[in-house]
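Step one of this worksheet: look at the structure below.
The values are calculated or read from the model by the stated rules, or taken from the named source; none is laboratory data. These numbers come from a predicted model, not from an experiment. FYI the Cβ positions are ideal-geometry reconstructions off the backbone, even for glycines, and counts take in every protein chain you see.
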Amino acid sequence: QVHLVESGGGLVQAGGSLRLSCAASGSIFTIRTTGWYRQAPGKQRESVATITSGGITNYADSMKGRFTISRDNGLSTVYLQMNSLRPEDTGVYYCNAFAGGRPYWGQGTQVTVSS
């Protein structure tokens, strides 16, 4: 079992920055991939960025150059640094981990970007 807790969301003006954190607990040694997803109002949940246990990162095209996913050396916390935020980045951001053959989700953190 893996438990995920997100933090760091909030209200920011367009062009600003936020840093999200995802703290994992439980069987973190079984995590193969951790990622951030977001869901805007009325839209489907979409992938933002992922990082594998080997440190390989992947980003959605609209986030490349603006967002950076990283993790701490203990592999228990994954971060999402978000720069040059746009109003269309508004949504609930969820942390996801694939571990032990199944996905786990956090409760989400709200990010609101005002124009």
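Table for the structure above
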{"quantity": "Residue list for the range 60-86, filter: in contact (Cβ under 8 Å) with a residue 60 or more places away in the chain and under 20 Å from residue 3 (Cβ atoms)", "calculated": "79, 80"}
{"quantity": "Only one of 51, 69, 56 that is more than 14 Å from residue 21 (Cα to Cα) and among the β-branched types (Val, Ile, Thr)", "calculated": "56"}
{"quantity": "Residue ranges of strands (runs of 3 or more DSSP E) in the range 1-98 with at least 2 members within 14 Å of the chain's Cα centre (by Cα) and among the polar types (S, T, N, Q)", "calculated": "31-39, 46-52, 57-59, 67-71, 77-82"}
{"quantity": "Contacts under 6 angstrom Cβ, first residue in the range 87-115 being on the phi > 0 side of the Ramachandran plot and in contact (Cβ under 8 Å) with a residue 24 or more places away in the chain, partner surrounded by fewer than 21 Cβ atoms within 10 Å (Cβ to Cβ) and among the acidic types (Asp, Glu), 6 or more apart", "calculated": "none"}
{"quantity": "Qualifying positions in the range 99-112 - assigned to a strand (DSSP E or B) and either within 12 Å of residue 2 (Cβ to Cβ) or under 13 Å from the mean Cα position of the chain (by Cα) (or both)", "calculated": "99, 102, 103, 104, 105, 109, 110, 111"}
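Condition check ((1) at pLDDT 95 or above; (2) of a type outside the set (S, T, N, Q); (3) exposed (fewer than 14 other Cβ atoms within 10 Å of the Cβ)) across all residues:
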site	(1), (2), (3)
15	yes, yes, yes
22	yes, yes, no
28	no, yes, no
32	no, yes, yes
37	yes, yes, no
54	no, yes, yes
66	yes, yes, no
